[in-house]
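Reviewing the structure listed below.
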Amino acid sequence: MRNQARVLAVALAGTLAAAVVAAPASAARTGTPAGIMRPDSTYQLVTEPDDGLAPIYDLIDSATTTLDMTMYELTDTTAEQHLADAAARGVTVRVILDQNREKSHNTTAYDYLRQHGVQVHWAWTTYEATHQKTITVDGATSAIMSGNLTSQYYATSRDFAVIENNSYDVRAIEKTFAADFTDTAFTPTDGDNLVWSPTDSEQQILPIIANATTSLSVENEEMAYPEVTDALAAAAKRGVTVEITMTNDANDYATEFDTLTAAGAHVHTYAYTASRYIHAKVIVADRGTAAQVVDVGSQNFSDASWNHNRELGVISTNSGLIDGIDTAVATDYAGGTAWS
């Protein structure tokens, strides 16, 4: 994996426009029953490296009053300039950067932003890592990302971002940011679509796998959580088509891959040196059925990521998100090498 933390990179290269998709919310936990659409909400999928970083820069540039960002790793000087420009035009810009694992990489950005009017806070050390990657502008729109702002990886890594304006989600993100910015103990709420670590990742993500009836398409950077391996293997054994695509770094997960393939799952891998690096953290279940759902965010399949880090993902039944993500994942799967 990339450096000692094994959780770096964001795939962002190219100049294609990201598509805005219509707004049915996922199964709700706050305010509405499952399946109720919020007509005032939109979800924009950014697929990397296809769409490039422009949608993220544009989001930063759209801020008029406030911008709150939590980022595991920030080594993109262009993004830093956009943040500084926002502060210069009077936007209140606050940034949380991880220090437990990435302080050495983040210090240059930390210093630059502080020198340019940005309020920067080293993440609370109570978490093993603050691995969340989120940008919220004007308390109204949030980008929930699987990748970091690390320009050295933009051309090669597969990642996704969901830019959404669901008010229940954005409010929950902002309340959690306010607590994290002041190192205050806080239990996040899920809004309509959110999944948090260390709060409820296992309780929300494992049922997606357990309830799948036709298909599971999976990408992740790690396969280090036995509960996930067991759930995927069980799905394959009950007849679900399980397709898993990962980067294979030094056969770190050979045992898990063997277990999965023995159960009937299909594992395709890329060499660590390949031009495509699988950094995304995504599960698409039962695409094309009434039960289709997607989970995408910062959570790797590891105990640290689910139970000890600050992480954020989004779970949705939005057909535009599902179709876009699953199409990209299928392309990656087709380009990988079958594990044997």
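Observations on the structure shown:
- Only listed residue being touching a Phe, Trp or Tyr at 6+ places or on another chain (Cβ under 6 Å), of a type in the set (Lys, Arg) and at pLDDT 95 or above, chosen from Arg276, Arg287: Arg276
- Test result for Val242, in contact with a His (Cβ under 7 Å, 6 or more places away or on another chain) and either among the hydrophobic types (A, V, I, L, M, F, W, C) or under 19 Å from Asp332 (Cα atoms) (or both): yes
- Residue in the range 150-158 that is of a type in the set (Lys, Arg) and either under 30 Å from Gly335 (Cα atoms) or surrounded by 16 or more Cβ atoms within 10 Å (Cβ to Cβ) (or both) present: yes
- Inter-residue pairs, beta-carbon under 6 Å, first of a type in the set (A, V, I, L, M) and in the range 137-149, second crowded, with 20+ Cβ neighbours inside 10 Å and part of a loop (DSSP other than H, G, I, E, B), 6+ apart: Val137/Ala63; Leu149/Asp76
- Some residue of the range 314-334 being touching a Ser or Thr at 6+ places or on another chain (Cβ under 7 Å), under 26 Å from Thr130 (Cα atoms) and in a loop (DSSP other than H, G, I, E, B): no
- The number of residues in the range 283-340 being among the β-branched types (Val, Ile, Thr) and under 13 Å from the mean Cα position of the chain (by Cα) comes to 6.
- When every residue of the range 302-325 is checked against the conditions, none turns out to be crowded, with 24+ Cβ neighbours inside 10 Å, in contact with a Leu (Cβ under 8 Å, 6 or more places away or on another chain), of a type in the set (Ser, Thr, Tyr) and under 23 Å from Thr156 (Cβ atoms).
- The numbered conditions (1) within 17 Å of Gly313 (Cβ to Cβ); (2) surrounded by fewer than 22 Cβ atoms within 10 Å (Cβ to Cβ); (3) out of contact with any strand residue (DSSP E or B) (no Cβ under 6 Å at 6 or more places or on another chain) are all true for Pro188 except (3).
- The residue that is modelled with the highest pLDDT, counting only those in the range 33-56 that are of a type in the set (Asp, Glu) and either in contact with a strand residue (DSSP E or B) (Cβ under 7 Å, 6 or more places away or on another chain) or surrounded by fewer than 17 Cβ atoms within 10 Å (Cβ to Cβ) (or both), is Glu48.
Quick grid of which residues meet (1) among the hydrophobic types (A, V, I, L, M, F, W, C); (2) over 17 Å from the mean Cα position of the chain (by Cα); (3) under 25 Å from Thr42 (Cα atoms); (4) crowded, with 21+ Cβ neighbours inside 10 Å:
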{"position": "Asp58", "(1), (2), (3), (4)": "no, yes, yes, no"}
{"position": "Thr75", "(1), (2), (3), (4)": "no, yes, no, no"}
{"position": "Ala87", "(1), (2), (3), (4)": "yes, yes, no, no"}
{"position": "Thr92", "(1), (2), (3), (4)": "no, yes, yes, no"}
{"position": "Asn100", "(1), (2), (3), (4)": "no, yes, no, no"}
{"position": "Thr108", "(1), (2), (3), (4)": "no, yes, no, no"}
{"position": "Gly117", "(1), (2), (3), (4)": "no, yes, no, no"}
{"position": "Ala140", "(1), (2), (3), (4)": "yes, yes, yes, no"}
{"position": "Met145", "(1), (2), (3), (4)": "yes, no, yes, yes"}
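- Screening Ala179, Ala172, Ala212, Ala161 for residues that are within 21 Å of Ala304 (Cβ to Cβ) and at pLDDT 95 or above leaves exactly one candidate, Ala179.
The values are calculated or read from the model by the stated rules, or taken from the named source; none is laboratory data. Just so it is clear, the structure is predicted and the values come from calculations on it, not from any experiment. Cβ coordinates were reconstructed from backbone atoms using ideal geometry, including for glycine residues, and neighbour counts include every protein chain displayed.
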